[in-house]
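Quick notes on the structure that follows.
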Amino acid sequence: MTTVLYADALVTAGKTVLDAELRFANGRITAVGAKGSLGALPAGAKVRDLRGRILIPGLTNGHTHSAMTLLRGVSDDHGFMPWLAEVQALEQHLTEEDVLAGLQLAMLEMIASGTTAFADMYVWNSRLIQAVSDAGMRVVAAPATVAPDVVMFPGVTARDGAAELAHTAQLAEEFHGDPLIKIAFGPHAPYSVPREFFVETIAHAKESGLPIHTHISESPAEVAQMLDRVGKTPGDYLRDLGLLDAKVLAAHCVHLTAGEIGDYVAAGAALSHNPVSNLKLGNGVADFPEWLASGAQVSLGTDSVASNNNLDLFEEMKLAAMLHRGVRHDAAAVTAESVFEVATKRGAKAIGFAGSGELAVGKCADIVALNVTGVNAIPHDNLVSHIVFAAGGHDVTDVWVNGRALYKDGEHLTLDAQNIKQRARVSAARIRAAAAEKA
Ligand SMILES: [Zn+2]
């Protein structure tokens, strides 16, 4: 059955159509154009008139740890290493029910703010991945590891790092062919994962073709640590271990040198820019304009809520567009158009969903409707500029992924919001109490 959407406009990277019509069927966009220009409606077509709204592609979050919504507000004014220690102390008390509640809470927030796909490194198993599939979002799920003999989430799983490598490959087999689900390896970072185990993970990734999602050069402290320990910067160190022979999703990359950026871009590694998290933790400013100019595969990411403290990609877009204008004293350093492209088409491709992120014929029907009747939208002559600088996640009214409606007129259709919010409140309180008791 064909669904037909009428809207005030349609905005996709490089193209705006006013008074727009979009049609999709079987999860794919079948026609895009000005209203009335696409010929007769197919028989039985379902029409939605979204007057007062514009259509954009679903947004892609290129780096997050979604279940960490439960840790919102933890260690808010501490630097990276003390923050990490405080977060990990709480994570020791997480159960699978907690993680499920945190993940579903994150999906409520992501869907309601227009995110349709996310690359996530955390604890993952069949049940948690199935929860994403049931909610209807796209995910690249990377079970996190630090060392072969370390169980990262003891309340959730007994699997240590070594067992997690085999488990990751099993998950990839189990969800093979699911259009919404991709699996990646998730070695945490070069400073936290022993050399031999990183080498082993790279070997698994090369053999299986699965990507490696890791943190690289996020903080000045870890760069100093690696220089001290191995005499190399984190990017060079991982390159020399053979990382670039695998597909790579590299998060943060705040302190990559120009040489490292060149090597990673040449190898096709995808770099994820997380400006809010990088600033909140006092980690610095990544050279995003250089990434864009080099033609790198790039995404925007929120990182976890524990360093953000929300999952609204509109905030990342705005900050990504403005941050470097301030740093470089150049209002043209990063354009709204380029940031919008990264949040949609470029970001989706960077994490492996090249069929999404664009409102064009043949692409996946991952679509977001934004209200443009609010006080923040009068006037909105330049739509891309409106989306990046004036709009926010709160303007999202409707979301489809793969043609399935997940959110309609501000209501979730695939998740029980009341139930999830209550479970998340209970879980958040419980892990704090458990950690306090232990301390
Ligand atoms: Zn992260």
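The set of residues from segment 79-91 being free of Cβ contacts under 8 Å to residues at least 24 places away in the same chain and either open to solvent by less than 60 Å² (accessible area, probe 1.4 Å) or not acidic (Asp, Glu) (or both) comprises PRO82, LEU84, ALA85, GLN88. Looking across VAL248, VAL327, VAL334, VAL254, one residue alone is within 16 Å of the ligand (Cβ to nearest atom) and farther than 20 Å from GLY352 by Cα. It is VAL254. Confirm whether SER299 is touching a Gly at 6+ places or on another chain (Cβ under 9 Å) and away from the ligand (no atom under 16 Å from the Cβ). For SER299, the condition - touching a Gly at 6+ places or on another chain (Cβ under 9 Å) and away from the ligand (no atom under 16 Å from the Cβ) - is not met.
A quick yes/no check of all residues on (1) at pLDDT below 95; (2) surrounded by fewer than 24 Cβ atoms within 10 Å (Cβ to Cβ); (3) small (Gly, Ala, Ser):
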site	(1), (2), (3)
GLU109	no, yes, no
ALA112	no, yes, yes
SER133	no, yes, yes
ARG138	no, no, no
PRO148	no, yes, no
LYS182	no, yes, no
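Criterion first (among the small types (Gly, Ala, Ser), crowded, with 20+ Cβ neighbours inside 10 Å and in contact (Cβ under 8 Å) with a residue 12 or more places away in the chain) does GLY374 satisfy it? When the stated conditions are applied, GLY374 does not pass them. The criterion of being more than 18 Å from LEU292 (Cβ to Cβ), touching a His at 6+ places or on another chain (Cβ under 9 Å) and in a helix (DSSP H, G or I) does not hold for SER192. The single condition from (1) surrounded by fewer than 16 Cβ atoms within 10 Å (Cβ to Cβ); (2) closer than 30 Å to LYS247 by Cα that LYS408 fails is (2). Scanning segment 249-267 for residues that are under 21 Å from the mean Cα position of the chain (by Cα), under 22 Å from GLU207 (Cβ atoms) and open to solvent by 10 Å² or more (accessible area, probe 1.4 Å) gives a single hit, LEU249. The single condition among (1) open to solvent by 10 Å² or more (accessible area, probe 1.4 Å); (2) touching a helix residue (DSSP H, G or I) at 6+ places or on another chain (Cβ under 6 Å) that VAL339 does not satisfy is (1).
Could you check, for segment 275-287, whether at least one of its residues is open to solvent by 20 Å² or more (accessible area, probe 1.4 Å), assigned to a loop (DSSP other than H, G, I, E, B) and on the phi < 0 side of the Ramachandran plot? Yes: one or more hits. Anything in segment 26-50 that is under 18 Å from ALA405 (Cβ atoms) and either open to solvent by 20 Å² or more (accessible area, probe 1.4 Å) or touching a helix residue (DSSP H, G or I) at 6+ places or on another chain (Cβ under 9 Å) (or both)? List them, or say none. Of everything in segment 26-50, those that are under 18 Å from ALA405 (Cβ atoms) and either open to solvent by 20 Å² or more (accessible area, probe 1.4 Å) or touching a helix residue (DSSP H, G or I) at 6+ places or on another chain (Cβ under 9 Å) (or both) turn out to be ASN26, ARG28, THR30, GLY44, ALA45, LYS46, VAL47, ARG48, ASP49. Could you check, for segment 274-290, whether at least one of its residues is under 17 Å from GLY62 (Cβ atoms), within 16 Å of the ligand (Cβ to nearest atom) and touching a Leu at 6+ places or on another chain (Cβ under 7 Å)? For segment 274-290, residues under 17 Å from GLY62 (Cβ atoms), within 16 Å of the ligand (Cβ to nearest atom) and touching a Leu at 6+ places or on another chain (Cβ under 7 Å): present. Residues in segment 231-259 that are in a helix (DSSP H, G or I) and free of Cβ contacts under 8 Å to residues at least 24 places away in the same chain were compared, and the one that is nearest to GLN170 (Cα to Cα) is ASP240. Of all residues in segment 62-87, those satisfying the criterion of being away from the ligand (no atom under 11 Å from the Cβ) and either on the phi > 0 side of the Ramachandran plot or in a loop (DSSP other than H, G, I, E, B) (or both) are ARG72, GLY73, VAL74, SER75, ASP76, ASP77, HIS78, GLY79. Among the conditions (1) closer than 21 Å to LEU84 by Cα; (2) open to solvent by less than 20 Å² (accessible area, probe 1.4 Å); (3) more than 16 Å from the ligand (Cβ to nearest atom), LEU227 misses just one, which is (2). Only one of the numbered conditions (1) hydroxyl-bearing (Ser, Thr, Tyr); (2) within 13 Å of the ligand (Cβ to nearest atom); (3) surrounded by fewer than 24 Cβ atoms within 10 Å (Cβ to Cβ) is violated by SER294, and that is (2). For segment 51-61, residues that are open to solvent by 10 Å² or more (accessible area, probe 1.4 Å) and within 16 Å of the ligand (Cβ to nearest atom) total 0. Being closer than 30 Å to GLU290 by Cα, open to solvent by less than 30 Å² (accessible area, probe 1.4 Å) and in a strand (DSSP E or B) is the requirement here; does VAL334 meet it? Here the answer is no, as VAL334 does not meet what is asked.
So that you can scan it fast, the table gives a plain yes or no per residue for (1) outside any loop (DSSP other than H, G, I, E, B); (2) within 17 Å of the chain's Cα centre (by Cα); (3) at pLDDT 95 or above:
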{"residue": "LEU292", "(1), (2), (3)": "yes, no, yes"}
{"residue": "GLY295", "(1), (2), (3)": "no, no, no"}
{"residue": "SER299", "(1), (2), (3)": "yes, yes, yes"}
{"residue": "LEU311", "(1), (2), (3)": "no, yes, yes"}
{"residue": "GLU315", "(1), (2), (3)": "yes, yes, yes"}
{"residue": "ALA320", "(1), (2), (3)": "yes, yes, yes"}
{"residue": "GLY326", "(1), (2), (3)": "yes, no, yes"}
{"residue": "ASP330", "(1), (2), (3)": "no, no, yes"}
{"residue": "SER338", "(1), (2), (3)": "yes, no, yes"}
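Residue count for segment 302-324 satisfying the condition of being open to solvent by less than 10 Å² (accessible area, probe 1.4 Å) and within 16 Å of the ligand (Cβ to nearest atom): 9.
The values are calculated or read from the model by the stated rules, or taken from the named source; none is laboratory data. Keep in mind the model is a prediction, meaning the values are calculated, not measured. Note that we place each Cβ from the backbone using ideal geometry, even for glycine, and neighbour counts take in every protein chain shown. Accessible surface is based on the protein model in full, side chains and every heavy atom, while ligands, DNA and RNA are left aside. Shrake-Rupley method; radii C 1.70, N 1.55, O 1.52, S 1.80 Å.
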